[in-house]
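Report on the following structure.
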Amino acid sequence: MSLRFGGLLQAVFILSDITYNKKIMHLKRLELSGFKSFAKTTTLEFPSRVTAIVGPNGSGKSNIKEAIQWALGEQSMKSLRGKKGEDLVWNGSPEVARMGKASVTLVFDNEDKKIPLEFDEVAIQRKIFRDGAGEYAINNSPVRLKDVVELCARMGLGESRHNIIGQGEVDRLLLALPKDRYHLLEEALGLRVYHLKKNEAERKLEATRQNIAQAEAVIREIVPHLKFLRATAHRAGNRDKLEAELRNLEGIYLAREEIEIAALKSAVAGRAVPLAQKEQASEKEIARLSAALQAAERALSAAAEISQAERNLYSLQEKRRDMERRLGWLEGKMEAEKKQHGETQDRATGPAKEISSHGVDVGYLYGEIRNILAAARLVVKEEDRLDVMRSRLALFCEELERLTSEIKEGRAAGEGIGSASPTPPVPQTSETEGAIKALHLELAALALQTKKYTEAREEETAAGHERHARIREIDRELRKKQDSAREAALERQKIAFEEERIRMREEEFSHELAASGMSREDISRYIGQSTGDTREELRKKIERLRIRLEEIGAIDPATIKEYEDTEARHAFLERELEDLKHASASLRDLIRELEQHIKHDFRDGFAHIKDAFTQYFQVVFGGGKATLKITKQEAKSTDGDDGEELNEAEDESEGVEIEVGLPRKRITGLAMLSGGERALASIALLFAISAVNPPPFLILDETDAALDEANSERFSALLKELSKKTQLLVITHNRETMKAAGILYGVTMGHDGVSKLLSLKLEQAEVYTNR
């Protein structure tokens, strides 16, 4: 061994400044029965501070570690290399039958009373049956898993099992998350018990809050009833007074009601008689006017048709137009004949002369136009109906169109005008004049008939105007009578409504009289009395008095007793509620104190672990540097199929980061360490934790498997030094590790598949390892 290595070992020996002369709590004995490969009852004694368990692969060495882990309450079957509970029970072999249960018992020496039980030995036992049922016991007394967990926490054994390092778990401390590493250090420092106390205080606080809520709910529930009972008890002595007051008010009210009802009935009857007479007269007058209106409308409808005088007048006017047209034609013809006669006389001396510049017979044209104008003047003068005027104007238009056509075709020109034909014979004008005179006479007679029929039509028109005026007058009178009848009907409805109200009031009066228990003779004594209140105010007073009497009810002594009991219960609940509030405040104070205590103790223990880790790291690596740092960790949770990040569960927690630097290497992170280097760094951290706050025991399952010979010697020296502070159970194949043990247990397995133990003391082990 080199001088440098010796110096490092000397540094290891001065790491601890505590001397363990007195006997401390440790694992004294392990008893197995039917657990995995240990089919038979097997006992392992641990008299030495370092116990090594050796044996070939598959012989069942790790089953010893798992038995201890399982007895301390381990619930993860994966950690126990199984899938279900019956996998822990010996399943049998061709030579040895399977067993129905497995049992493991850990016996601790408790002379120093570190375990808070009044026993020098504390035995923790766990059983499991093949059907999956399990049992826990402490010193043969059945307990719950919760009791075992709390006891282990007080012993410094947390749920993270930092004191049990299984195969391949040597770098578990290095690979853990900073937050998990923080919790592991808390348990290693013995703060788990304070967390349990804090959790228990929080559970009690929540239970206290629930009790407070229940107490407040019960108080809220009984307070209204208590008020009712209190009011009932206070009003119990006032019943007679209230009944006398109620009887007096009822008598005054009923006497007033009887008088008012009689007055209302008389007033309504006085209004109903004349109203009925008025309605009857209105109905007769409406019937008479309706009949007159219908007759006038029928007469007007008959007169609206075209009368015979109108038809005769129209026929005469048509005849007169025809005669005037013929007269015009004759007059034009006579004028033309006269002109022709004059022209005939002039032809003997000169050429023929044109009648007009256009060759038109002016006389004929003059006669036609005069006829049309005469007819138009007659229409304008005599016609007052628009439809007749339209028809006659249409005839005028036809006449003008005919005349225009004749002018255009040249038919209005005189015969032989402007020609060299011989002069026609002179016409006989006397015949034309006779015809004209005859037409004038006929026209005169026709004018007399037209005047007669025109006067008749005017008389009929005046009569129609009178009929319209009469209809309007009758209609106005009818509407007035109908309005008057409607007013009377509304008045009748009002009277009927008032009569119904009076009837309902009489029924209410009868009901009130029966409810009061008085007769009409009794209420007659209250006539003339008054309280100065209105009817409604008096009714409200009576109702309030009745309600108060109903609330009081029959005075029963049980009601007073119920009031006293309820009052006592209310006072008790008030005191309990006050005590619960004080307890809640005390629990909150306790939780704050525990949080402060956990934080302070962690900071103090963390500083020591940090220093020890640095020293152990330098020992195992021959230099370098390593440290621990507390960091803030942000935790975020994601939810939803789309992976959208939610900040609902975001909070801050503390974690522990590890920083290492190897000698002669540039290492910037734990991921850059080799397997052996990670094992040594983990061992340094584990030993630093165990040195600061030693657990009752420390189990190392082949943690030295990755170490070379030089590092194995360092590991063995560290085991000897660490054994001064805690008990070590080492499962190993390494000879150097075996040398550090005070006792060796060899595990073998025969053909029957059952694990068996062989034990060697220190002297025998040295001989065995030196072979």
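The values are calculated or read from the model by the stated rules, or taken from the named source; none is laboratory data. Please read all numbers here as calculations on a predicted model, not as lab measurements. In this analysis, Cβ positions are derived from the backbone assuming ideal geometry, glycine residues included, and neighbour counts consider all displayed protein chains. Accessible surface areas use protein heavy atoms only, side chains included; no ligands, DNA or RNA. Shrake-Rupley method; radii C 1.70, N 1.55, O 1.52, S 1.80 Å.
Overview of values
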read-out	value
Some residue of region 542-555 being touching a helix residue (DSSP H, G or I) at 6+ places or on another chain (Cβ under 9 Å), under 30 Å from ARG678 (Cα atoms) and open to solvent by 50 Å² or more (accessible area, probe 1.4 Å)	no
Residue match in region 54-77 (condition: touching a Leu at 6+ places or on another chain (Cβ under 7 Å) and farther than 22 Å from LYS127 by Cβ)	yes
Unique match (being in contact with a Ser or Thr (Cβ under 9 Å, 6 or more places away or on another chain) and farther than 30 Å from ALA244 by Cα) among ALA571, ALA485	ALA485
Failed item, numbered, when GLU121 is tested on (1) in contact with a Leu (Cβ under 7 Å, 6 or more places away or on another chain); (2) in contact (Cβ under 8 Å) with a residue 60 or more places away in the chain	(1)
Answer from ALA201, ALA137, ALA213 - the residue that is aliphatic (A, V, I, L, M), open to solvent by less than 20 Å² (accessible area, probe 1.4 Å) and free of Cβ contacts under 8 Å to residues at least 60 places away in the same chain	ALA137
Some residue of region 483-505 being among the polar types (S, T, N, Q) and either in contact (Cβ under 8 Å) with a residue 24 or more places away in the chain or in a helix (DSSP H, G or I) (or both)	yes
Within region 81-97, tally of residues that are touching a residue at least 12 places away in the same chain (Cβ under 8 Å) and open to solvent by 70 Å² or more (accessible area, probe 1.4 Å)	4
Identity of the residue in region 9-48, at pLDDT below 90 and of a type in the set (Ser, Thr, Tyr), that ends up nearest to LYS65 (Cα to Cα)	SER48
Per-region count, region 605-622, residues at pLDDT 85 or above and either open to solvent by 80 Å² or more (accessible area, probe 1.4 Å) or part of a loop (DSSP other than H, G, I, E, B) (or both)	3
Residue within region 163-177 that is open to solvent by less than 20 Å² (accessible area, probe 1.4 Å), in a helix (DSSP H, G or I) and small (Gly, Ala, Ser) present	no
Test for VAL54: is it touching a Phe, Trp or Tyr at 6+ places or on another chain (Cβ under 9 Å), within 19 Å of VAL730 (Cβ to Cβ) and at pLDDT below 90	no
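Yes/no per residue for (1) assigned to a helix (DSSP H, G or I); (2) basic (Lys, Arg); (3) modelled with pLDDT of 85 or more; (4) farther than 23 Å from PHE35 by Cβ:
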{"site": "LEU719", "(1), (2), (3), (4)": "yes, no, yes, yes"}
{"site": "LYS724", "(1), (2), (3), (4)": "no, yes, yes, yes"}
{"site": "THR737", "(1), (2), (3), (4)": "yes, no, yes, yes"}
{"site": "LEU744", "(1), (2), (3), (4)": "no, no, yes, no"}
{"site": "GLY753", "(1), (2), (3), (4)": "no, no, yes, no"}
{"site": "LYS756", "(1), (2), (3), (4)": "no, yes, yes, no"}
{"site": "SER759", "(1), (2), (3), (4)": "no, no, no, no"}
{"site": "GLN764", "(1), (2), (3), (4)": "yes, no, no, yes"}
{"site": "VAL767", "(1), (2), (3), (4)": "yes, no, no, yes"}
